[in-house]
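The values are calculated or read from the model by the stated rules, or taken from the named source; none is laboratory data. On a predicted model such as this, the values are computed, not experimentally measured, just so you know. Cβ coordinates were reconstructed from backbone atoms using ideal geometry, including for glycine residues, and neighbour counts include every protein chain displayed.
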Amino acid sequence: MFCTSIITIYLGLQSISAYGLVGIAVTRYISIREPLLFNMRVTHCRALAAAATLWVILLITSALLYFRLEPDGNLLPLDDNQGPKKNAKNRGKRLKK
C-alpha cells in the first residue's frame, strides 16, 4: 500500500507539472494572439478557476490510478467479469489461452 501511494503521488506531481506548463503555454498564446484583449480574457478569477480545475482533474485521475495499482506497481485489468476480490485471488496466476 505504501508503494502504491508513493507511485500515485509521484505520477500526480508529474501530471500537475505538465498541466501547469500547458496552462502557461495557453496564456502566452492568448497574449500573443490577442494582446489588446488579454487583460479582459485572462482575469485573476479565471486563472484561479483554471488552477482549481487542474487540481480537481489531478485528484480524480490519481484516485483512479491509485485504486487500479497492484502492490508491485502493475495496473489491474479492467475486466467486467472480474471484481477486485477475484483480481486479488488471481494476482500470481497466469492466464491460460
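Does the stretch 83-91 include one or more residues that are loosely packed, with under 14 Cβ neighbours inside 10 Å, in a helix (DSSP H, G or I), small (Gly, Ala, Ser) and at pLDDT 65 or above? No, the stretch 83-91 has no match at all. Quick check: anything in the stretch 10-31 surrounded by 12 or more Cβ atoms within 10 Å (Cβ to Cβ), in contact with a Ser or Thr (Cβ under 7 Å, 6 or more places away or on another chain), free of Cβ contacts under 8 Å to residues at least 40 places away in the same chain and farther than 30 Å from Arg68 by Cα? No - not one qualifying residue is present in the stretch 10-31.
Condition check ((1) modelled with pLDDT under 90; (2) touching a helix residue (DSSP H, G or I) at 6+ places or on another chain (Cβ under 8 Å)) across all residues:
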{"residue": "Ala25", "(1), (2)": "no, no"}
{"residue": "Ser31", "(1), (2)": "no, yes"}
{"residue": "Arg46", "(1), (2)": "no, no"}
{"residue": "Ser62", "(1), (2)": "yes, yes"}
{"residue": "Leu65", "(1), (2)": "yes, yes"}
{"residue": "Pro71", "(1), (2)": "yes, yes"}
{"residue": "Asp80", "(1), (2)": "yes, no"}
